[in-house]
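The values are calculated or read from the model by the stated rules, or taken from the named source; none is laboratory data. Small disclaimer: the values here were computed from a predicted structure and weren't measured. We place every Cβ from the backbone using ideal geometry, glycine too, and count neighbours over all the protein chains shown. Protein only, heavy atoms only, side chains kept; ligands, DNA and RNA dropped before computing areas. Shrake-Rupley method; radii C 1.70, N 1.55, O 1.52, S 1.80 Å.
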Protein chains: 4
Amino acid sequence: MKKILTLAALILPLAANAQLSNDDVHKYDHRDASQYRSEIVIPGFDGYQTLKCDFHIHTVFSDGSVWPTIRVLEAWQEGLDAIAMTDHLEYRPHRDVVKAGHNASYDIAKAEADKMGFILIKGAEITRSKPLGHLNAIFIKDADKLDVKDPLKAIDNALEQGGYIIWNHPGWPDNKSTLYQIHDELIKAGKISAYEAYNCMESYPLTFDWHSEYGIAPMANTDIHGSVASSYAHDGKWMRPMTLVFASERSEEAIREALDARRTVAFFQGTLVGSEEHLSKLVHASLKVRKISDSRMEVSNVSDITYSMVQGDTMYIFPAGKTAMVPVLTGELLVKNCFYGKDKNLIFSF
Amino acid sequence: MKKILTLAALILPLAANAQLSNDDVHKYDHRDASQYRSEIVIPGFDGYQTLKCDFHIHTVFSDGSVWPTIRVLEAWQEGLDAIAMTDHLEYRPHRDVVKAGHNASYDIAKAEADKMGFILIKGAEITRSKPLGHLNAIFIKDADKLDVKDPLKAIDNALEQGGYIIWNHPGWPDNKSTLYQIHDELIKAGKISAYEAYNCMESYPLTFDWHSEYGIAPMANTDIHGSVASSYAHDGKWMRPMTLVFASERSEEAIREALDARRTVAFFQGTLVGSEEHLSKLVHASLKVRKISDSRMEVSNVSDITYSMVQGDTMYIFPAGKTAMVPVLTGELLVKNCFYGKDKNLIFSF
Amino acid sequence: MKKILTLAALILPLAANAQLSNDDVHKYDHRDASQYRSEIVIPGFDGYQTLKCDFHIHTVFSDGSVWPTIRVLEAWQEGLDAIAMTDHLEYRPHRDVVKAGHNASYDIAKAEADKMGFILIKGAEITRSKPLGHLNAIFIKDADKLDVKDPLKAIDNALEQGGYIIWNHPGWPDNKSTLYQIHDELIKAGKISAYEAYNCMESYPLTFDWHSEYGIAPMANTDIHGSVASSYAHDGKWMRPMTLVFASERSEEAIREALDARRTVAFFQGTLVGSEEHLSKLVHASLKVRKISDSRMEVSNVSDITYSMVQGDTMYIFPAGKTAMVPVLTGELLVKNCFYGKDKNLIFSF
Amino acid sequence: MKKILTLAALILPLAANAQLSNDDVHKYDHRDASQYRSEIVIPGFDGYQTLKCDFHIHTVFSDGSVWPTIRVLEAWQEGLDAIAMTDHLEYRPHRDVVKAGHNASYDIAKAEADKMGFILIKGAEITRSKPLGHLNAIFIKDADKLDVKDPLKAIDNALEQGGYIIWNHPGWPDNKSTLYQIHDELIKAGKISAYEAYNCMESYPLTFDWHSEYGIAPMANTDIHGSVASSYAHDGKWMRPMTLVFASERSEEAIREALDARRTVAFFQGTLVGSEEHLSKLVHASLKVRKISDSRMEVSNVSDITYSMVQGDTMYIFPAGKTAMVPVLTGELLVKNCFYGKDKNLIFSF
């Protein structure tokens, strides 16, 4: 005959109860956001970890709006494993006020990254008009050496330093996503190794086949200029584009090896673009099945990525971090948020 | 010189972009909450899993307000692993309308539990005034046999069926939390095996030593009468009290074995009550350390429990599912939200 | 030269700071969800308030799974202004256990509603197979009088008591949403006054013109059987369908007057169905404009409904409770989430 | 006999339902956070609006880490009405790279503020060691004129320009919160007009009486150096300290008039510090009472501030934006989160 709490039961002694420490927790949560990192849970496969990376980032040293240290802190807080500093070589609108060479933003950020045990990759953005467009050179050693008149020479100078070249936002600003002859030549010469399937808030579906067609690695990068928090909404975890890298360990060297081997998936707004093999292994690693009866099974999604699948005229949603009760699913399902090419959805079987 | 999106860039073609399936996800999330379960992540130790249980639950068959099937669905949705149905034997205010024997609520819920692969334990609440108070008998076979005049006979009848006896809400309604002579005798006779350190919204700090003093298992149960959602707030995960059971597998038998061995921790509002050993192992299993430098380390809390610790005059908070950057911590820390006795906080070392 | 807080600054004196009461807030929020109501902010117009109502609800007295009191508490907590109890007259699968007449669920809930100052409308669901289908009679006085063999007689008996008839879920279970001859006749005879454009999780776009075509009031009702929380997801406010009623005051009489005058809008999953006039006034009441310059304006959405509009190939989103910075918008916009008929979006001008 | 949705009911036709635009909403929410502002609802009184202000802000032009434009965007997005740019005059660690005069950060931010219709107040921080400490001069015209050796001369130069002087973080870094003789003299001379009761993450309870004792206005400012999002947690609205200003309109002039008249309340982490009169009027404006019966009343909190009150040994919480069902409360209540002095809680009557 114990009743639901009545109003009178809200007595102070319990409120003042010394052993409840929620209060302190809440106070401290408020106080020092800068010391906390949200983890993004994405399982790996084949002995690889899934690292969350952003290979395209600006600061006040080109046309961005934050000091380089902020980039490291943001990325660490938001659960990333590595970023590349890629300020424009040619476009520096603050140059009358901010006076420094092309290595300055990396050097300043690197000191912060070392303090935090965070992986920072040196880079620069070679910035020309189309058809060549913008190209990131990452894993370079001296950005000043890339500031030359001929962009092809800049690329060669980057490669000489061990650089890795990404073709940025192929669909910007004309939304055409054409792979021009110059890119074709650079790819055939082994000089362009990756491209952005997503950039900032943009998606380039016309490029979704390029990883298989041209053998270059798909990426999703922010190309962030403002603060990440001011640019992407906060009501969930997956606001910021990120390049998933399947690496043997969490190190700069392992990331490079994985990029060379094209083990990447582009991830933005819940959608993934990559090879059939990588997507399939990622989904399999994310979903754990428990059979309940002859007609029902539980599917636990242990990742922070929500998967939606279709079979016949039924859709099945497997929300991030939740377990779904579904019929025993046999046969093939089409994964609506995984693309191994333009209009080519991953086919999945449990 | 790529700019932050301008207003004009909000063009429709992208919105209508076929490969983005967020929409479907959101539609479906809304549609069928009943088919989704939120998982509660609490690691185990020593080869045991940590099961989340509630051993005190009412329905319309005593003085509760929901049909028994709702209890199974709620518990499954909220991430629990097992519940016990424990309607009052003696107090049934709806009896003029709801006409059935004492096994009915279990039988109705059991059919639903079997469909969902959920563990449902049969029980009943023996309901007397103090000093004896209320006692749950769980793991029983026939609740009707407990509906006898003498409550001590009811206990014996439960034990004969293999029952397990819990002393419920010792601090209700007088907040005294006294262990009366009758309980002392029943404990010594091996008849009471567990007690509630938390019940519903109440905490009984005076009982926090009983697990060591009397060798009975601490529990936190809801004693829920209304719907869980209507009774506890939804803005976080840890609203509902739960008894953590360290079991060799997810089965009714393994839960019973763990209860007999007193491997439980009571958990409510972020606070844990149990033995030093269990608490220490739980915290160690929850916190993963990565040394960053001679002066800093990262502590990743892989559990859904936030821990707050004090050393000297500094407090360290390790929020659930997050990583904290802290100084290299040597020596002992006092864990503010873990109690192995009244005013006895767990002492922890990394 | 004041720096960002260092780790050492997390000193206890502040944590223990007596004037911060967040802690208590959090404790209490957890404790008594049953005493708090979330308000849904939707402005009125023309001197009318916008009341949030649900005219289709079940309990254990028909095929639902909760005691009637839960329905009142849920609705109050979730910000509704009124509900109608509408247990099936003919379908009562728990009747072997739950023994009572057709007025019992209302009577039990009414006692609770009166304690809470909540509006409860008496009703019953007349339940036949198609073409007649299911019809709710609300504002009735004695449900037992509707339990007769001839459903048309049941309707007449309801109308004699002052009843108001709703045609429920016209698209269930065949998704056809046909208005059959019998309904046409009943509408012409002034006997059916409203219909469900949304029911439970279902939407019936084929019916979106019926309010103008047949002069009946559109509704969105839950037809809830389980607990609302177990049936709809919690990650936002707008999970539960509701019928918006534009009433002169918050009273049962004013609701009836508004229903007779067909001043309703059906609202579910962010989408609204009603007359052009009502929709237009609702959007105008929700959006406040502040001109910033010749080229920009701020639009503050003071409602809890998000509106999305299209002009040319640009989409403008005005999220609930937020302010958007947009170009000065002249001319007509198509409101994507407001329908005054099938495929007929509201046209709006600022 | 309509049932809860079964698994089979998750059919695609509904998913593809054209009239549901949630998806678009979600896509766009993700895309352009920079164009949305969260409103903070705090009612005014006596014909005054409650403006949310931050009078202490840094950029890369002193020791901050963001470009000045970011400060305007952050403040607008987070629902503030005005900020003051107050870079240090004397402490500019980036000066080897960032080369500009003391007005540059304001000038750059002002262009952005004008585009957004946002109020930006020109200021500078006069930075000396204790006892004088740090003082903000706001409403100045030329910051360069304050860069003089004698800080008292700097103050006079500011006042000559119409400046308004704030004594910053009196408890930093020694936690002593002493009002030194120099401040006493400056206050008596009418030169210091305000002080920070809260700064960044710190609270100075020893100063809570100063507004009545010395007639200076209490403030809560961020003193932000990093990005606001990186420094304060995001799981709620009230992370960032703010000075509430009760002004006749939303304009720079009205803010200055209100500051001169000392109509401010300091607000941080749910706690308010100000005069009895201002606090009392704010609480009265926030809480709307509806009597339900002789024993119960509803209290609707129409503000975004949660109030907690104590009467006898009972605590009543009135959460932001929610309605609480409580007994009819007569007599005085102590408001736990409102301080008109050190350890002096507001006394409130409904």
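Worth pointing out:
- Some residue of segment B:256-270 being modelled with pLDDT of 95 or more, touching a helix residue (DSSP H, G or I) at 6+ places or on another chain (Cβ under 9 Å) and not in a strand (DSSP E or B): yes
- Residue check, A:Asp156 open to solvent by 10 Å² or more (accessible area, probe 1.4 Å), away from every other protein chain (no Cβ under 14 Å) and within 28 Å of A:Val228 (Cα to Cα): no
- Residue within segment D:162-176 that is at pLDDT 95 or above and open to solvent by 10 Å² or more (accessible area, probe 1.4 Å) present: yes
Per-residue answers, yes or no, for (1) without any contact (Cβ under 8 Å) to a residue 12 or more places away in the chain; (2) of a type outside the set (A, V, I, L, M):
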| site | (1), (2) |
| --- | --- |
| D:Tyr232 | yes, yes |
| D:Ala247 | no, no |
| D:Ala261 | yes, no |
| D:Thr264 | no, yes |
| D:Ser280 | no, yes |
| D:Pro319 | no, yes |
| D:Thr330 | no, yes |
| D:Leu334 | no, no |
| D:Gly341 | no, yes |
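- Candidates are the residues of segment A:120-130 that are within 12 Å of chain B (Cβ to nearest Cβ) and within 18 Å of A:Ile57 (Cα to Cα); the one that is most open to solvent (accessible area, probe 1.4 Å) is A:Arg128.
- Cβ-Cβ distances below 7 Å connect the following pairs, each with a first residue in segment D:195-213 that is away from chain A (no Cβ under 14 Å) and more than 13 Å from D:Thr178 (Cα to Cα), a second residue that is open to solvent by less than 30 Å² (accessible area, probe 1.4 Å) and of a type in the set (A, V, I, L, M, F, W, C), and a separation of six or more residues or different chains: D:His211/D:Ala217.
- Exclusive hit being farther than 24 Å from D:Asp144 by Cα and either of a type outside the set (A, V, I, L, M) or within 14 Å of chain C (Cβ to nearest Cβ) (or both), set D:Lys191, D:Lys176: D:Lys176
- Test set (1) open to solvent by 10 Å² or more (accessible area, probe 1.4 Å); (2) facing chain B (nearest Cβ under 8 Å); (3) more than 15 Å from the chain's Cα centre (by Cα) - A:Thr314 fails condition number: (2)
- Which numbered condition D:Leu206 fails, given (1) open to solvent by 50 Å² or more (accessible area, probe 1.4 Å); (2) assigned to a loop (DSSP other than H, G, I, E, B); (3) touching a Lys or Arg at 6+ places or on another chain (Cβ under 8 Å): (2)
- Check on B:His183, more than 11 Å from every other protein chain (Cβ to nearest Cβ), surrounded by 16 or more Cβ atoms within 10 Å (Cβ to Cβ) and not charged (D, E, K, R): yes
- The set of residues in segment C:70-101 being among the β-branched types (Val, Ile, Thr) and either without any contact (Cβ under 8 Å) to a residue 12 or more places away in the chain or not assigned by TED's automatic domain parsing to the domain that holds C:Asp223 (or both) consists of C:Val97 alone.
- Among the residues of segment B:183-230, those that are touching a Ser or Thr at 6+ places or on another chain (Cβ under 8 Å), among the hydroxyl-bearing types (Ser, Thr, Tyr) and farther than 19 Å from B:Pro173 by Cβ comprise B:Ser212, B:Ser227, B:Ser230.
- For B:Thr306, the test of being closer than 21 Å to B:Gly44 by Cβ, outside the structural domain of B:Ala220 (by TED's automatic domain parsing) and of a type in the set (Val, Ile, Thr) is passed.
- Of the criteria (1) touching a strand residue (DSSP E or B) at 6+ places or on another chain (Cβ under 6 Å); (2) closer than 29 Å to B:Ala254 by Cα; (3) more than 11 Å from chain C (Cβ to nearest Cβ), which one B:Glu90 fails: (2)
- Qualifying residue in segment C:285-295 (condition: among the acidic types (Asp, Glu) and within 26 Å of C:Glu74 (Cβ to Cβ)): no
- Of the strands (runs of 3 or more DSSP E) lying entirely inside segment A:281-323, those carrying at least 1 residues that are among the small types (Gly, Ala, Ser) and farther than 20 Å from A:Met239 by Cβ are A:296-301.
- Selected residue (criterion: farthest from the other protein chains (Cβ to nearest Cβ)) from residues of segment B:255-270 that are open to solvent by 10 Å² or more (accessible area, probe 1.4 Å) and among the small types (Gly, Ala, Ser): B:Ala261
- Residue, farthest from B:Phe268 (Cα to Cα), within segment B:163-185, restricted to residues that are aromatic (Phe, Trp, Tyr) and touching a Leu at 6+ places or on another chain (Cβ under 7 Å): B:Tyr164
- Among the residues making up segment A:287-311, those that are under 23 Å from the mean Cα position of the chain (by Cα), open to solvent by less than 10 Å² (accessible area, probe 1.4 Å) and not polar (S, T, N, Q) are A:Ile305, A:Tyr307, A:Met309.
- Members of segment B:209-248 found to be over 14 Å from the mean Cα position of the chain (by Cα), of a type outside the set (Gly, Ala, Ser) and crowded, with 20+ Cβ neighbours inside 10 Å, listed by number: B:Trp210, B:His211, B:Ile216, B:His225
- Of the residues making up segment D:324-337, those that are part of a strand (DSSP E or B) and more than 7 Å from chain C (Cβ to nearest Cβ) number 5.
- Flag for A:His58 being surrounded by 24 or more Cβ atoms within 10 Å (Cβ to Cβ) and within 12 Å of chain B (Cβ to nearest Cβ): yes
- Selection count, segment C:138-197, where residues are among the small types (Gly, Ala, Ser) and in a helix (DSSP H, G or I): 3
- Exactly one residue among D:Tyr48, D:Tyr36 is within 20 Å of the chain's Cα centre (by Cα), more than 14 Å from chain C (Cβ to nearest Cβ) and aromatic (Phe, Trp, Tyr), and that residue is D:Tyr48.
- Summed over segment C:222-239, residues that are at pLDDT 90 or above and touching an Asp or Glu at 6+ places or on another chain (Cβ under 9 Å) total 6.
- Scanning segment C:93-115 for residues that are buried (at least 21 other Cβ atoms within 10 Å of the Cβ) and within 13 Å of chain D (Cβ to nearest Cβ) yields a count of 1.
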